[in-house]
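Accompanying notes for the structure given below.
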Amino acid sequence: MARAVPPDLSNTEVPLRALARSYPRGLYIEPHEHEWGQLLYAMSGIMWVETPGEALLVPPQRGVWLPPGVVHGIRVVSELEMRNIYLRPQLAQSLASEVQVFEVRPLLRELVLALVEQERQSDPAYYTALAELTVQELHRARRSQLRVSLPDGADRRLLHLCQAVMAAPSLAISFEQHAADAGASVRTLSRLLLRELGMGFAEWRRQVQLATAAAALIQGVPVSRIARELGYQPASFSDMFRRELGMTPSAYRAGS
C-alpha cells in the first residue's frame, strides 16, 4: 500500500495544477481526497479507481473526473503512466458534481500533456488559455460506462471478495473458492451481496468481466484471448457480451 503524495495546491492564483506520475504494477494507493477537483488520465497502463459505492476501470486513453472532496483509492493493474490535473474549487464547479469516466480524444490528450509541460514554464496567460480550453474539452468528452458497484466496506469479508474478483474475474475461480479465501460462507456472502449491492454473485462478477473485457478491447486485445482469460469459450463470451451490452465485442471495439 502507499499513501498519495499530496500536490502543492497552495497557489490559488493558478486555475489548475498538472503533475506526471509513474506507478508500478500492484501498487495500491490508500483512499484519500483533495480540496481541488481532479482529472486522472492513464496515458498507458490500467488502474481501478475505487470511490464510495463503485469502482471504475480506467484503461489507456480514458480519464476519471473526481469532484472536490471525493474519497478515492487507486489499484494499479499494470505499470501506469498517469497525468493528474487538479482544478481549483471555483473552476471545478463548472464540471459534473459526480464521478465520471470519459474518453480522452486526441485534442484533450495533447492539452493535458501541454499543461504538464507548461507547469514548468512561466507564461501565465498561455497556461490560463490552455486551462480554459481543457475545461471546454472536458465538457465535450464522451462518457464511458466502465464502472462496477462496490460495497461500503463495513463488512471486510465482502470487500475482500469484491477486490479478489476485480483482480481475477475468471469463471475458473468459483464463488465457493472466493468465499473460502474471504473467510465467510457462500450463504453469508450471498446475503451480503444482495443487501449491499442488490444482486447475486454471478451478476456482479459479470459487471467486472464486462468492464475488464471492454478495457481489453479498447487496447486491441484479441477477443479469443479475452474470452479465454475470463474463463469462456469465444462464442459464449461473445453471446454474453452482446446480451449485456447490446453489441458484439468487435462492434464495441470499432465504436471505441
Restricting to helices (runs of 4 or more DSSP H) lying wholly in region 53-147: which have 2 or more residues that are under 13 Å from the mean Cα position of the chain (by Cα)? none
Within region 181-189, is even one residue assigned to a loop (DSSP other than H, G, I, E, B), surrounded by 13 or more Cβ atoms within 10 Å (Cβ to Cβ) and not assigned by TED's automatic domain parsing to the domain that holds residue 65? yes
Being outside the structural domain of residue 21 (by TED's automatic domain parsing) and acidic (Asp, Glu) narrows it down to one of 176, 117, so name that one. 176
Check residue 252 against each of (1) of a type in the set (Phe, Trp, Tyr); (2) at pLDDT 90 or above; (3) under 30 Å from residue 66 (Cβ atoms) and name the one condition it does not meet. (2)
Which listed residue is modelled with pLDDT of 95 or more and either within 30 Å of residue 42 (Cα to Cα) or acidic (Asp, Glu) (or both), from 132, 176: 176
Conditions: (1) in contact (Cβ under 8 Å) with a residue 60 or more places away in the chain; (2) within 27 Å of residue 76 (Cα to Cα). Residue 127 meets all but one. Number of the miss? (2)
Within region 210-228, track down each residue that is outside any loop (DSSP other than H, G, I, E, B) and either modelled with pLDDT under 95 or β-branched (Val, Ile, Thr) (or both). 210, 211, 212, 213, 214, 215, 216, 217, 218, 223, 226
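The values are calculated or read from the model by the stated rules, or taken from the named source; none is laboratory data. Given the structure is predicted, the values throughout are model-derived calculations rather than measurements. All Cβ positions, glycine included, derive from the backbone under ideal geometry; neighbour counts span all protein chains shown.
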